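Worksheet: one structure, shown below.
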Amino acid sequence: MLAQQFERLSDLEQSIIRHLATHPGPVAVENLQTLVQPSSRMQLLEGLESLMRRSLVEVNSARYLLQPLMMEYVTEKLTEKNS
């Protein structure tokens, strides 16, 4: 089910999730913007909002982090890809 949900995400949303998965703690928008490099800050915020609506990302003190289940899925996926 997580695989289906992940595959339905836009390229920007997948990129945001991959970057959040590689950071152990919450990440500020400014840091995400340098890592993901969307066309605009507005696009990044829209991507984050979309992920929050899907309950894949949560915000805590203006910092974003993945939900634990999605973190586990993406970490496994990245590990498989690098093997």
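At a glance:
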read-out: Verdict on residue 80 being among the charged types (D, E, K, R), farther than 13 Å from residue 19 by Cα and either at pLDDT below 95 or open to solvent by less than 90 Å² (accessible area, probe 1.4 Å) (or both); value: yes
read-out: Filter result for residue 10 (within 18 Å of residue 74 (Cβ to Cβ) and open to solvent by less than 30 Å² (accessible area, probe 1.4 Å)); value: no
read-out: Candidate set from region 50-63 (those that are of a type outside the set (Val, Ile, Thr) and in a strand (DSSP E or B)); member that is least open to solvent (accessible area, probe 1.4 Å); value: 58
read-out: Scope region 26-36; condition outside any helix (DSSP H, G or I), open to solvent by less than 50 Å² (accessible area, probe 1.4 Å) and over 22 Å from residue 82 (Cβ atoms); matching residues; value: 28
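For every residue, the table says whether it meets (1) buried (at least 16 other Cβ atoms within 10 Å of the Cβ); (2) aromatic (Phe, Trp, Tyr); (3) modelled with pLDDT of 95 or more; (4) part of a helix (DSSP H, G or I).
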residue: 5; (1), (2), (3), (4): no, no, no, yes
residue: 15; (1), (2), (3), (4): yes, no, no, yes
residue: 19; (1), (2), (3), (4): yes, no, no, yes
residue: 38; (1), (2), (3), (4): yes, no, no, no
residue: 42; (1), (2), (3), (4): no, no, no, yes
residue: 48; (1), (2), (3), (4): yes, no, yes, yes
residue: 65; (1), (2), (3), (4): yes, no, no, no
residue: 70; (1), (2), (3), (4): yes, no, no, yes
residue: 76; (1), (2), (3), (4): no, no, no, yes
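The values are calculated or read from the model by the stated rules, or taken from the named source; none is laboratory data. Everything quoted here is computed from the prediction, not taken from an experiment. Cβ sites come from the backbone with ideal geometry, for glycine too, and all protein chains shown count toward neighbours. Side chains included, ligands, DNA and RNA excluded: accessible areas come from the protein's heavy atoms. Shrake-Rupley method; radii C 1.70, N 1.55, O 1.52, S 1.80 Å.
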